[in-house]
Every structure is written in structure tokens, then in C-alpha cells.
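Have a look at the structure below, then the notes.
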There are 2 protein chains.
Amino acid sequence: METLLRVMSCILSVVVFCLVLVWMSAVVTSYSKQSDGTVMTKDLSGFSWTTNDPRVFNWHPVLMSFGFVLCTSQAILVFETKPFTHRTNKLIHATCHTLTLVSVIIGTVAVFRFHNEHNIRNLYSLHSWLGISTLVLYAMQYMFGFLVYLYPGVGAKLRLQVLPNHIAFGIGLVAIVGMTAVAGIMEKLAFNGSCNVNGVLHGKSVQGYLTPGCALANTAGLLLLLLVVALTST
Amino acid sequence: METLLRVMSCILSVVVFCLVLVWMSAVVTSYSKQSDGTVMTKDLSGFSWTTNDPRVFNWHPVLMSFGFVLCTSQAILVFETKPFTHRTNKLIHATCHTLTLVSVIIGTVAVFRFHNEHNIRNLYSLHSWLGISTLVLYAMQYMFGFLVYLYPGVGAKLRLQVLPNHIAFGIGLVAIVGMTAVAGIMEKLAFNGSCNVNGVLHGKSVQGYLTPGCALANTAGLLLLLLVVALTST
């Protein structure tokens, strides 16, 4: 049962990241209904780091899910499956979490840049409140882990003693990463009017239409739910 | 540390439920910007179970948070703090979870009724996808708990053997309840245009205005994040 959950976690973390990558690189579109009932679409996909290019935003979901979903899952799983020596596993754990930290910092910069360059207020949504809290708590856990388990001079006894706390807080972090991520998906889909489209779209009358972006992002969110259950239950 | 987290969990579960109750009973309002820049408001607060009354919806967040946040937290905490005899604690645990089940079933009926009575498509949003998954997984855990720990005839050895699985899956459920709940808050706030209001509101020009409903619901979501961390970390 545990092996099954671990294999599932590993696969799900890759699939969720890939779905977000596909969403942002090729699918993300905004839908807005005009007064005559026509639904206008605007392709928002692709990446850019150029000033004032709205596609700067698209780095945000990709980098956050690369860090908090893909890298973090591998960091956890390497200490559950223990495929190598303790030293190597520990190095992989630390490397994955460092990759996460770098990735989510750049991902956070991307969204602040996007807001500032397009005069959008920062930190008004629940997603942003959860996101900042998750970042702070994750950084605390990272520093704690670094100081206790990597920085030389801490005794093996203390390391072992606080290990249950490190693991328990890590599980808590997986849960709140899940909360923040689905809040982010909901926010993006709401902005773009991607779900439940009514009106005349590409010359056809639609009602309650689930756009490809909505179906894809909902699937990513649903698989993330399964990943969170699998990771927190093992 | 553990005692602090438990006291915090107990208080937070009550506070989050109360905030949702206040939001739905007295604060929830929709904001829509007209073509002349005026922001129209509509009071949506209060409760009703009458056919076609849109306030039927308001039972949904209240009953879901009463069950999945308040009752479930108490059910978990009684087995962490163990204030009474094992038999009494077990009875409280089972009663709280039964209250949860009844509450969330009625809460789910409320939202389907609201959708059907107002011709709104069911199950298109990520919140609804997560919600159905959480309900199914919670019902499975409830049945498992009932059959193994309450139904007579199961040996003490088996009960003890599968206890770690029951606890681990319970932690996973707390995480996905958190995910579903914040997705629900995001959805309601987006529908009502409650956050980041721009235009002329009650005769005053506002920009990036956080309405009372937005501030209140965001606070509930943020405290829920802390509750989920506290519950999954102990």
C-alpha cells in the first residue's frame, strides 16, 4: 500500500507540473462576453521576461508548481523510499528543496512584476494571503532544516530528537501548498472566465461550456488533491 | 508545543466557523460595476430554505464549515488530548464525525438546490470537483471507521493494526478539506466581485477596495491555513 502511494505520488507530481506547463505555454486564454452576446477570446499563452509583457505572469504558475509540487515531492519521496545511502538521500533532499526555494522566489517575483507593470493591486486575494504565509512558513522550515541537519556541529542526538517535528511540519506544509495552489488555479480561471462560458463562441452558441483551459486546470487541481492525500498519508 | 498547537486548533476551528457564519448571515454582498462606473451592491445575506430563494445557498458554506471544520477538528482533538475514558473519547469522536456527515450532506443538497432552482450548471468548477472528491473520500473513511471500530466483532489486534492507516488518511482528509474550502471561498468572492473593487461605490471613488466581505472571508481562509498546519503537524 505504501509503495503504491509513493509511486502514485511520484507520477502525480510530474503530471500536475506538466499540466500546468501545458496550460501556461499553449492553452491559457481569456473569455469575455460582449453586450451582443458574442464571447471574445484572447490567447494569453507563452512566456516572456520582457518589461510590460503580460506573459511574464505565466512564469508564476509554472515556477511555483515546479518548486512546490515537483521538487518538493521528490525531496519528500527520497526520504520515504531511501534508494541510496543516507548521505546521498540527504543531499538529494537538500538539493530538491534548494531548487524549490530558488524556483518559488523567481515565481513570486514574476507575479509582483506583472502586477506592478500593469497597475494591478498586490496582495488583495485570498490566494496571495495564503501564498505569502506558505512562503514564510516554508522558508522557516528550510532554515530550520539547514541549521539542524546541514550546518556542522549539531549533535546526532538533537537531530534525531527534532526529526518528528521536521517531518510533521513538512506534512503541514504539503497541505497548505495544496490549499494555496488550488486557490491560485481558481483565481486564474475566474479572471479568464474560462469555466461555464455562455454566449456565442467562434460562431456557435454555447451554454455552460467548459473551455479546454478550464478542463485542463481543473484536472491539474484534482490530481493535486490526490497527490496531497498520497503524500500526507504515507 | 503540542499542547499549544492543540489549544490553537480548538480555538481556530471555532473562529473560522464563526467568521463564515457572520459572513453568510450579515455581510455577504455582491458588487457589480455598471457602464457609467458606478458599483451596484446587492445584499445577499441571511438564510432561507424556501424554493427559489437565493439565500438557500448561504446554508452551504455554513454547514460545510460547521461539519468539516468545527466538528471534524473536535473529533480529531478528542483523540489527541484524551480528556475522558477511551470509551467516552471514542463516542465523542464518532458523534462529531456523524454530525459532520449529516451537516455536509445537507450543505451539499443546499448548493445543488440553489443551482437547479436558478439554472446554474452543476459541477463545472474546480471547487465542485474537489468537493465531490473530498465527500467521497470522507464517506469512505467514515465507513471504514464505523466497520472497524464501532461495529462489534472486529478483533482488538486488527483495530490496532489498521489504526496508523486510519490516522494517516485522516490527516490527508484534513489537508483536502482545507484545499476544497479555500477554493470555495475564492469562488464565492469572485462571483460577488468582493475583492479589488474599482469605481464609484456609495458616492465615493474607490480603487483596489477590499470590501468587508472580502476581508472577512480572506481572514477565515488564512486562519483555516493555520488550523490545517496545526492539525496536520500534531
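Side notes on the structure shown:
- Relative contact order (percent, whole number), chain A, Cα cutoff 8 Å, 6+ residue spacing: 28 percent
- About the Cα centre, charge dipole magnitude for chain A (Lys/Arg +1, Asp/Glu -1 at Cβ), debye: 420 debye
- For A:Leu201, the residues whose amide H sits under 5 Å from its own are A:Val39, A:Val206, ignoring neighbours fewer than 5 places away on the same chain, with H placed 1.01 Å from N.
- Rounded tilt (10° steps) of B:126-145 against the dominant C-alpha axis of chain B: 20 degrees
- Just checking the listed ones, A:His60, A:His127, A:His118: in the Gaussian network model of chain A with Cα springs under 10 Å, the one fluctuating most is A:His118.
- For the protein assembly as shown, the solvent-accessible area of protein heavy atoms averages 48 Å² per residue (probe radius 1.4 Å; ligands and nucleic acids excluded).
- Across the range A:96-106, rounded Karplus estimates of 3J(HN,Hα) from the backbone phi angles (6.51 cos²θ - 1.76 cosθ + 1.60, θ = phi - 60°) give 4, 5, 5, 4, 4, 4, 4, 4, 6, 5, 5 Hz, Gly and Pro being marked x.
- Among A:Gly199, A:Gly67, A:Gly213, the residue with the largest mean-square fluctuation in a Gaussian network model of chain A, with springs joining Cα atoms closer than 10 Å, is A:Gly199.
- Relative contact order, percent, the range B:181-233 [alpha-carbon distance under 8 Å, six or more residues apart]: 31 percent
- For chain A, with all protein chains in place and a probe radius of 1.4 Å, 69% of the accessible heavy-atom surface sits on carbon or sulfur.
- Listed residues A:Phe112, A:Phe146, B:Phe114 arranged by accessible area, highest first, probe 1.4 Å: A:Phe146, A:Phe112, B:Phe114
- Scalar couplings 3J(HN,Hα) for the range B:76-86, obtained by applying the Karplus form with A = 6.51, B = -1.76, C = 1.60 to θ = phi - 60°, are 6, 5, 5, 8, 8, 8, 6, x, 10, 5, 4 Hz; x denotes Gly and Pro.
- Long-range HN-HN contacts of A:Leu44 with modeled amide H, under 5 Å: A:Thr29, A:Ser30
- Diffusion coefficient (Stokes-Einstein, Kirkwood radius over C-alpha pairs, 4 °C, 1.567 mPa s) for chain A: 68 µm²/s, rounded to a whole number.
- Spin-label model distance (nm) - A:Tyr142 vs A:Cys18, 7 Å beyond Cα toward Cβ: 2.7 nm
- Here, the range A:80-192 yields an orientationally averaged convex hull projection of 8.5 nm² when only Cα atoms define the hull.
- Residue with peak Gaussian network fluctuation, chain B [Cα springs, cutoff 10 Å], from B:Tyr149, B:Tyr124, B:Tyr138: B:Tyr124
- The distance between label points at B:Val102 and A:Thr98 comes to 5.6 nm (points 7 Å beyond Cα on the Cα→Cβ vector).
- Across the range B:175-184, rounded Karplus estimates of 3J(HN,Hα) from the backbone phi angles (6.51 cos²θ - 1.76 cosθ + 1.60, θ = phi - 60°) give 4, 7, 4, x, 4, 5, 5, 5, 5, x Hz, Gly and Pro being marked x.
- Relative contact order [Cα under 8 Å, 6+ residues apart], the range A:9-97, whole percent: 26 percent
- Cα Rg over Rh - the protein assembly as shown, Kirkwood: 0.97
- Computed from the C-beta positions of A:Tyr149 and A:Thr38, the FRET efficiency with R₀ = 51 Å rounds to 0.30.
- Share antiparallel - DSSP beta bridges, the protein assembly as shown, percent rounded to 5: 80 percent
- The range A:45-110 and the range B:166-193: distance between their alpha carbon centers, rounded to Å: 23 Å
- Rg and Dmax of the range A:20-139, both derived from C-alpha coordinates alone, stand at 18.0, 66 Å.
- For the range B:1-76, radius of gyration divided by Kirkwood radius, i.e. Rg to Rh on alpha-carbons: 1.17
- Contact-buried residues of the range A:148-188, at a threshold of 50 Å² lost accessible area versus the chain by itself: A:Met179, A:Val182, A:Met186 (1.4 Å probe; DNA, RNA and ligands ignored).
- Theoretical ellipticity at 222 nm over chain A - DSSP helices of four or more residues, -39500 (n - 2.57) apiece, nearest 500: -21500 deg cm²/dmol
- For peptides B:38-44, A:35-41, sequence by mean Cβ density within 10 Å, most packed first: B:38-44, A:35-41
- Accessible surface buried upon A-B contact (total; probe 1.4 Å; Å², nearest 100): 3400 Å²
The values are calculated or read from the model by the stated rules, or taken from the named source; none is laboratory data. All values reported here derive from a predicted model rather than from experimental measurement. Positions of Cβ are generated from backbone atoms using ideal geometry, with glycine treated the same way; all protein chains shown enter the neighbour counts. With ligands, DNA and RNA removed, areas are computed over all heavy atoms of the protein, side chains included. Shrake-Rupley method; radii C 1.70, N 1.55, O 1.52, S 1.80 Å.
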